[in-house]
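Structure first, then comments.
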Amino acid sequence: MSQLRREALRAFKKLHRTRQFVFQGDELTLKAGRKEINEQFRKNQSEKNEDEIKKMIQLAHDVDNELRTSVIQAVQEEEGVYKLRITEETTRLDNVVFNPDAIIEKPASRNRKGNSMGGCCGGQNATKN
């Protein structure tokens, strides 16, 4: 078995383990995830171009990382109350309190010379006022 084939098989198995971990208890999502992983790998199993295979293996690693760090489960316990399943691998960002009295300034105009040009980026359909 070639090295790339072994790497692809490892990525395939790792995605399935991640799917089972991230979506545990959610049978519908577990089935959909299994189907999608199997379809994508089956669709590309006859690929011979090594560069393309490496790109697909990297994509599998990226998807695995994204699932482990970005997906959380929320289960409704009662009306308006949810229990979140956050793991050690889940990315946590700073929780900044929103100031409802904040003054949000409009973005500066892109046209610095005061000319009002229409169209995208003052393109060919632009007209001067």
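Derivation of every value follows stated rules applied to the coordinates shown; laboratory data play no part. These numbers come from a predicted model, not from an experiment. So basically every Cβ, Gly included, is an ideal-geometry build from the backbone, and we count neighbours across all protein chains shown.
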Which FRET efficiency value, to the nearest 0.05, do you get for A108 and S70 by plugging their Cβ-Cβ distance into 1/(1 + (r/R0)^6) with R0 = 35 Å?
0.60
Under 5 Å from the placed amide H of Q73, counting only residues 5+ away or on other chains, we find R85
What ³J(HN,Hα) values, in whole Hz, does the Karplus curve 6.51 cos²θ - 1.76 cosθ + 1.60 give for region 9-14 when θ = phi - 60°, with x put for Gly and Pro?
5, 4, 5, 4, 5, 5
Mind checking the alpha-carbon convex hull of region 1-66 and giving the volume per residue in Å³?
74
Backbone HN-Hα couplings from phi across region 61-67 [Karplus 6.51/-1.76/1.60, Hz, Gly and Pro as x]:
5, 5, 5, 4, 4, 4, 4
Which value in nm describes the separation of the simple spin-label points at E7 and V96, placed 7 Å from the Cα toward the beta carbon?
3.8
Taking the Cβ-Cβ separation of N49 and R17 as r and a Förster radius of 22 Å, what is the calculated FRET efficiency to the nearest 0.05?
0.20
What is the packing order of peptides 21-34, 88-101, taking the mean over residues of other C-beta atoms within 10 Å and listing the highest first?
21-34, 88-101
